[in-house]
Every structure is written in structure tokens, then in C-alpha cells.
Amino acid sequence: MAEFDILVTGGTLPDGRVADIGITGDRVAALDDLSGSTAGEVIEAAGDLVSPPFVDPHFHLDATLSYGTPRINASGTLLEGIALWGELKQTVTVDEMVERALAYCDWAVSLGLLTIRSHVDVCDDQLRAVEAMLQVRETVKPYLDLQLVAFPQDGLYRDPTAHQNLIRALDMGVDVVGGIPHFERTRAAGDASVTELCEIAAKRGLMVDMHCDESDDPQSRHIETLAAETTRLGLQGRVAGSHLSSMHSMDNYYVSKLLPLMAEAEVSAIPNPLINIMLQGRQDTFPKRRGLTRVKEMQALGIRVGWGQDCVRDPWYSLGTGDMLDVAFMGMHVAQMSAPEEMQRCFDMVTQENAAILGLDDYGLREGALASLVVLDAGNAIEALRLRPARLAVVSKGKIVSTQPRGDATLSLPGRPKSGNRRHKLS
């Protein structure tokens, strides 16, 4: 008989296995049939889905929960959102950004989202967003891991001080090199920015995550340069292209050349389905493009693809809750991933695939891994996507950090049960 700090009993893992999970300290000590074991705290997961925590590889924590300030994005376009943020960042304080970011992190934890990669705008000579997000990263460190990307929102070359501010941000402890080549003045300048940013990352031993081709223009092809520079500099496995929206509109023959280059370079892709389909195609009448990149085609070639959240209640997006299952649910629909194995893959894209993109070595449900997990009111991963259910318990680094009751309804119907839920098992 073993003694654990926390024991999760009878959970259904994402791969369908049923197992108990014993946690000691901040590590998974055992994953097996642990009948007869005792623990300081027991979570009875009898048949409930027990998953590793959700991971968001693309977010903007400095802007989150600022919707309506200085005003609402009337056109609903990407460019108006950038312009609104450009106004807001001139007046917003460090304390305001910290307060909003911490509130969002509370939401995240309650939903089992325990790792976030956030792009942080460095196009402000005071670097207030960087200062704020570094403070937030330290505050949430006991229960949520935050990776920060030095992001020159207004263009590495287009903004006169972006380059020096990006270097300052990295020196302050920001983790990842970011960029936005399609926002430079010319395509040539965009390609040059990709080269320089990748060289900075290679010299410092850092990862790269670029907003790349977030455009309806099929000639926005900076992902080609990003793949080439990744190979030239030996950055394979350390680079991600976020959005890649222009691929939605590209010529099929060109894409047949591009995707093998991405696969060769081991460049990951991070589409953001909620935001991509809301912002893209705004100049179209009908048929209207939706701006989601070619997810299944990339996966077929072995390119790692993970779903990102991108925005919640900010100048670009008026909605959102922080729930990565909402993201996967929307992505599943827009990418038409309806086969059982494809739906399962959508769940993996907000858990283990995103963890791999971010380089989380101690992630997962296995002995010796970091003891972080979420228990959901669902029987399996596909049902979790369908229901986006209550998170019955969230464990972060060996501590229970959130609990929530089941979502059962109390019914008053003649001849019918007194309670009901939407879980459904095929006979």
C-alpha cells in the first residue's frame, strides 16, 4: 500500500485507458491500479476524463480584457485592432496591465489552462508591457507557466526603435523571439526581418514564434523565408509560424512546394481559429474566405500544428473565455475535422501538441512528469470537445488549485428523471 499527497481514482485518460494517478510533491509518482493506496486528498474521477492541462501557444496577455478602450473596433478588422492597441498602449499603465492579466490567469486556471505563451509588444520605449508581463510571470509562477515572446507589433524596421527595444526585452528576461514580417513596409523588408530575428534567436539559443502571413494576400509568403532561415541556422524544432492565414488563399501548386519545406525545417504552425475566421476576409463579398490555414494538409506531412487562443476581450476580439476547448471546437469545425481520429487530434492540439511546440519536457500523465492535470465532466476527449464541460478539479504542480461542481440540471418533467446532463454514451 502506497501513501500519496493526492490520489486521483478511476480516471479515463485521453487515450482511453482507465487508471489511478498518485501524486507526491509536485510529481506524478505512480499511474496504475493503485487500489488500497491512501492519500492526504482524494479526487474521485470514476469514469471522468483526466487530461494533462491545456496549453495555449499564442496569446496577447498585455491587451487582454481591454475591450472597448479607447473604443470598440467598429470595422472588426485586424488593422483597426492594431490601431486601437497603438492608441491604448500610449496611456495604459503597468498596474492596469498587471491587474487585467492576473484576472485572465485566474480564468485560465479555473479552466485547466496552466501554460500560456504570450506575445508582448516591445514597440514602446518605456517597455511597460514587458515590465508588466515579467511581473505577472513571477506572480503566477507557482501555479501557471508563462512564456513571453518579444513582439515588435509595429514592425521590426517599420518602427524606428523596435529593434533596440526587442534586444532590451530579451535582456530583461523575455523568453522567445517574435516578429511580424507582413507588417513591414515591403515584402523585402519583411523577409529581411525574418532573417535578422532568426539570427538573434540562434545567437542567444532562443526559440522563435512569428506572426507570419496574417493576411488575405496570397502573395504574403514570409513562411517560406522562415522555413529557409530555420534550416540555414539549424533552428529545427525551435520555430513556430503563427496564423499563416495567407495560406488559405495561396495557389495550390505553390503550397505543394511550401509544405515540404516547412516539414523539412520542422517549423510548427499555430493557427488561431476563433480570431482568424473573425478578422480575415473582411474585404470579401461572397464567396468569403475564412483565413484558417491548411491544418490537415500540414499534419499529413508531419508538420506539428497546435490551436491557439490569441485574444480574449481586447481590441481585436470582443468575446472569449480562455477555454481552449472553445478554440479546438471552432477549429474542428472550420478545418472540417469530423472523423473520430481527427476530433481526437483536435483535443491533442490543445494539450500534448501545444506542449511539444512550447518545449515542455516534463509535461504529461506519466511517472516523473510534473503533477499538473485537469478532471473534466466528460467521458472521453471527443465528448469534452462536444460539451466543453465543467472542470471538476484542476491540479497544478502537485496542488489542487480549482474545483467546480458538475453541470447537471435539475428537471421538473412528468415521468422523466429528476436530473440530467448532456453526457452521452453510445450503446
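The values are calculated or read from the model by the stated rules, or taken from the named source; none is laboratory data. Keep in mind that this is a model prediction, so the values were computed, not measured. Methodologically, a virtual Cβ is constructed for each residue, glycine included, from the backbone with ideal geometry; neighbour enumeration extends over all protein chains shown. These area figures cover heavy atoms from the full protein model, side chains too; ligands, DNA and RNA do not enter into them. Shrake-Rupley method; radii C 1.70, N 1.55, O 1.52, S 1.80 Å.
Looking only at the chain, where both bridge partners belong to it, what percent of the DSSP beta bridges are antiparallel (to the nearest 5)? Please report the intermediate quantities before stating the final value.
Working: 24 of 58 bridges.
Of the beta bridges lying entirely in the chain, close to 40 percent run antiparallel.
Compute for segment 200-345: radius of gyration divided by Kirkwood radius, i.e. Rg/Rh, restricted to C-alpha atoms, rounded to two decimals.
On the way: Rg = 15.2 Å, Rh = 15.7 Å.
Here the Rg-to-Rh quotient is 0.96.
Would you mind working out the accessible area per residue for the chain, using a 1.4 Å probe, and quoting it in Å²? Walk me through the numbers on the way to the answer.
Values: 17410 Å² over 427 residues.
Normalised by residue count, the accessible surface of the chain is 41 Å².
Summarise the long-distance tail of P(r) for segment 270-427 by giving the % of C-alpha pairs beyond 25 Å.
Working: 5205 of 12403 pairs.
Of the Cα pairs, 42 percent sit more than 25 Å apart.
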Kirkwood Rh and Cα Rg combined as Rg/Rh, segment 170-230: 0.98
C-alpha long axis of helix 162-172 to longest principal axis of the chain, angle in °: 40
Cα pair distances of segment 85-148 binned at 5 Å [whole percent]: 4, 18, 30, 24, 14, 8, 3, 0
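Quick one, can you get me the convex hull of the C-alpha atoms of segment 247-315 expressed as volume per residue in Å³? Intermediate results must be reported in sequence, preceding the final value.
Values: hull volume 6.8 nm³, N = 69.
Taking the convex hull of the Cα positions in segment 247-315, it is 99 Å³ per residue.
Volume per residue, Å³, of the convex hull around the alpha-carbon atoms of segment 1-135? Mind showing how you got there, number by number?
Working: hull volume 19.7 nm³, N = 135.
Spread over its residues, the Cα hull of segment 1-135 gives 146 Å³ apiece.
If you add up the charges near residue 94, with Lys and Arg at +1 and Asp and Glu at -1, over every other residue whose beta carbon is less than 12 angstrom from its beta carbon, what do you get? Could you put the intermediate results ahead of the total?
Numbers: positive: 89, 100, 128; negative: 62, 95, 96, 99, 124, 131.
Net charge in that neighbourhood comes out at -3.
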14 Å beta-carbon shell around residue 284, net charge (K/R +1, D/E -1): +2
Choice from 350, 92, 42 with maximal GNM fluctuation in the chain (Cα, 10 Å cutoff): 42
Cβ-defined net charge surrounding residue 387, 14 Å radius [Lys, Arg +1; Asp, Glu -1]: +1
Helix 324-334 axis, angle to the chain major axis (alpha carbon atoms, nearest 10°): 70
Cα coordinate range in the chain, projected on the principal axes (Å, largest first): 65, 47, 44
With at most 13 neighbouring Cβ atoms within 10 Å, loop trypsin sites (Lys or Arg not before Pro) (DSSP) excluded, longest segment of the chain: 72-184
For segment 92-188, projected area of the alpha-carbon convex hull averaged over all directions, nm²: 6.4
Rounded percent of accessible protein surface that carbon and sulfur make up, the chain, 1.4 Å probe: 51
Anchor residue 257: lysines whose Cα lies under 17 Å away (excluding residues fewer than 8 positions away in-chain): 296
Volume per residue of the C-alpha convex hull in segment 134-273, rounded to whole Å³: 113
Gaussian network model of the chain, Cα within-10 Å springs - most flexible of 106, 145, 284: 284
Using alpha-carbon coordinates, inclination of helix 128-140 to the longest axis of the chain, degrees: 20
